[in-house]
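Take a look at the structure below.
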Amino acid sequence: MTFTDLGINENIIQALVENNISEPTGIQLQVIPHILRHDTDLVGIAQTGTGKTAAFCLPILQTIDSKLPKIQALVLVPTRELGQQVAREFFLFSKHLSRVFAEAVYGGAPIEDQIQKLKRPTHVVVATPGRLIDLLERRALNLDDLKYLILDEADEMMNMGFKTDIDTILTSCKKGITKMLFTATMPDDVKQIIREYLRPDFVEIQINAEEFVNEKIDHQYLIYPREEKLEYLKAFLSERTHQRGIAFCRTKLDAKRLAKQLAGFEVTADALHGNLNQEMRDKVMRGFKNGRINLLVATDIAARGIDVKDLDYIIHYQLPEKSEYYTHRSGRTARAGKSGISVCFVQKDELEDIKTLESELNIQFTPLTIRLKPEQPSLPVTIYTNIGFSQGFTKGSLRDFLVEEAGLNMDDIQNTVVEDNRSYFDIPRKYEKQLLLNLKGYKLSHRNLKFTLNGDNSKRNIY
């Protein structure tokens with residue numbers, strides 16, 4: 001069946017062809033004709049990467065009255081990145097339509113700029129919940145002519161704590177509009193939203209109802225010996241130097257540390273976590289999308305809403321807290337009909353967790369075996385730096401600093417000596433590049449940290 005068969009008009013199909021989209025996906029086959037022919041509420045259950053954005057975007061574009069310069073469709077999303085992505089799809093697919101405009105509004109950007117943009121004719125608004133409420137309170141937009149309200153990645157919005165904001169928005173919308181909710185999983189908060197705000201005759205469309213996880217994903221687990229987890233990760237990555245993927249950690253501290261531990265490695269990595277401001281987050285995402293960064297180290301929360309095509313693998317460096325998190329993590333590979341792998345790093349006592357994922361998600365894991373290459377012994381290297389007692393450091397605090405900021409292990413820092421304005425210590429030579437890259441340009445109390453391997457002339461070299 002083609003998009004023409006589904007009822008999509010020629011102008012939109014021309015835009016689809018220009019974006020190399022020729023065949024509808026499973027969810028598009030069911031959602032598009034429903035929106036075009038019915039005004040009942042809709043619940044779509046589908047994995048990210050199945051084409052659900054186009055599933056609601058295309059028919060909504062076709063039903064927009066371009067002559068009415070009012071907001072007719074509102075799409076709520078959990079993150080800035082997803083908002084930008086959804087707004088971009090509205091822009092791409094409306095290329096040959098008569099003056100249909102979409103605008104994305106989100107936190108982390110000046111609200112005054114967004115208010116000015118909303119003064120122009122706008123038919124579709126894509127918004128994060130918090131920023132939408134801010135704009136409504138300022139009366140910067142009007143939803144009196146709203147026809148469609150879409151909650152995209154509803155489960156993610158619930159996980160991020162937007163339940164109260166969603167309640168506020170749904171309560172304030174006029175009655176009679178068509179509400180659509182898309183989700184990859186069905187936690188209790190999402191079920192409550194459906195019960196309270198969707199009409200009783202809503203239609204539920206479920207893609208891969210038997211299994212939420214993409215069948216093109218190869219699920220694997222790797223059992224690593226204690227104290228060698230990082231080495232096994234590096235061995236895995238060394239076989240995939242030209243591929244891209246995401247490594248998931250549970251906390252932002254763990255994500256930050258892992259990225260530091262991979263500094264100087266043959267696979268370029270960077271971290272995406274909650275401590276990054278929007279400018280730094282955008283910089284990391286640009287690097288990942290343009291190929292400068294091969295591996296993104298992320299937490300579940302920080303990775304929500306990001307969309308990067310053609311990811312080859314997902315690494316669960318730490319197992320997810322909930323099975324639905326595994327669904328969201330692994331669903332970022334094997335998109336658009338391609339294949340991918342999802343690898344869990346586990347200890348033997350965590351194999352029961354693998355069995356739980358298999359049971360709850362109806363998937364099958366296979367073991368992955370990696371053999372480490374024998375490490376060549378080498379003498380330690382002595383590093384000299386221009387901080388000491390006068391900058392408030394002791395042996396203990398200097399080692400703590402190196403662990404936190406350079407990603408070193410405490411046991412690898414030996415023979416530490418702290419003087420008034422100078423310190424030096426020994427580390428394994430294999431960590432020299434890691435330390436220098438992590439601390440390059442580091443400032444401490446307006447003092448630029450400098451390093452040298454030359455002990456005889458260290459004072460002259462490092463001051």
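Here, each number is a calculation from the coordinates, and none is a lab measurement. Predicted model, so just to flag it, every value in this text is computed and none were measured. Cβ sites come from the backbone with ideal geometry, for glycine too, and all protein chains shown count toward neighbours.
Within the range 85-158, the trypsin sites (Lys or Arg not before Pro) that combine a DSSP coil assignment with at most 15 other C-beta atoms in a 10 angstrom radius are LYS95, ARG99, LYS119, ARG138, ARG139.
Beyond 31 Å in Cα-Cα separation lie the following of the pairs LYS252/LYS440; LYS95/LYS289; LYS95/LYS322: LYS95/LYS322. Using only the Cα atoms of the range 236-391, build the gyration tensor, take square roots of its eigenvalues as a ≥ b ≥ c, and label the shape rounded, prolate or oblate: rounded if a/c is under 1.5, else prolate if a/b is larger than b/c, else oblate. Prolate is the answer for the range 236-391, as a/c is 1.5 or above and a/b outweighs b/c. Counted over all Cα-Cα pairs of the range 1-120, pairs farther apart than 19 Å make up 49 percent.
Amide H contacts of GLN206: ILE45, each under 5 Å away and 5 or more positions distant or on a separate chain (H built 1.01 Å from N in the peptide plane; Pro and chain starts excluded). Note on THR369, THR185: ascending count of other Cβ atoms within 10 Å places them as THR369, THR185, the fewest first.
Less than 5 angstrom separates the built amide H of GLY264 from none of the residues sequence-distant by 5 or more or on a different chain. Of all beta bridges that DSSP places with both ends in the chain, some 20 percent have antiparallel geometry.
Among MET157, MET285, the ranking by other beta carbons within 10 Å of each residue's beta carbon, starting with the fewest, stands as MET285, MET157. Of the residues GLN72, PRO129, PHE162, the one whose Cα sits farthest towards the positive end of the charge dipole of the range 3-206 is GLN72 (charges of +1 on Lys and Arg Cβ, -1 on Asp and Glu Cβ, taken about the Cα centre).
For the range 3-206, relative contact order (Cα pairs under 8 Å, six or more residues apart, normalised by length) works out to 29 percent.
How high is the relative contact order of the range 381-462, in percent, with contacts defined as C-alpha pairs under 8 Å that are six or more residues apart?
Working: 126 pairs, mean separation 32.7, N = 82.
RCO, the range 381-462: 40 percent.
From helices alone, the chain scores -10500 deg cm²/dmol at 222 nm; the rule is -39500 (n - 2.57) for each run of n ≥ 4 DSSP H residues, then divide by the residue total. Its alpha carbons give the chain an Rg and a Dmax of 25.7, 82 Å. Exposure proxy for GLU81, GLU358, GLU196: other Cβ atoms within 10 Å of each Cβ, ordered fewest to most, give GLU196, GLU358, GLU81. Computed across the range 3-206, the Kirkwood hydrodynamic radius from all distinct Cα-Cα pairs reaches 17.0 Å.
Basic side chains Lys and Arg get +1 at the Cβ, acidic Asp and Glu get -1 at the Cβ, and with that the dipole of the chain about its Cα centre reaches some 1680 debye. Projecting label points 7 angstrom from Cα along Cα→Cβ for ASP144 and GLU231 puts them 7.1 nm apart. Only Cα pairs under 8 Å and 6+ residues apart enter the sum, and on that basis the relative contact order of the chain stands at 14 percent. Summing Lys and Arg as +1 and Asp and Glu as -1 over all other residues whose Cβ lies under 14 Å from the Cβ of ILE12 gives a net charge of -3. Here the gap between ASN415 and LYS430, fully extended at 0.36 nm per residue and compared with their Cα-Cα distance, gives a gain of 3.7 nm.
The share of Cα pairs per 10 Å bin across the range 372-463, counted from zero up to the longest distance, runs 16, 53, 25, 5, 1 percent.
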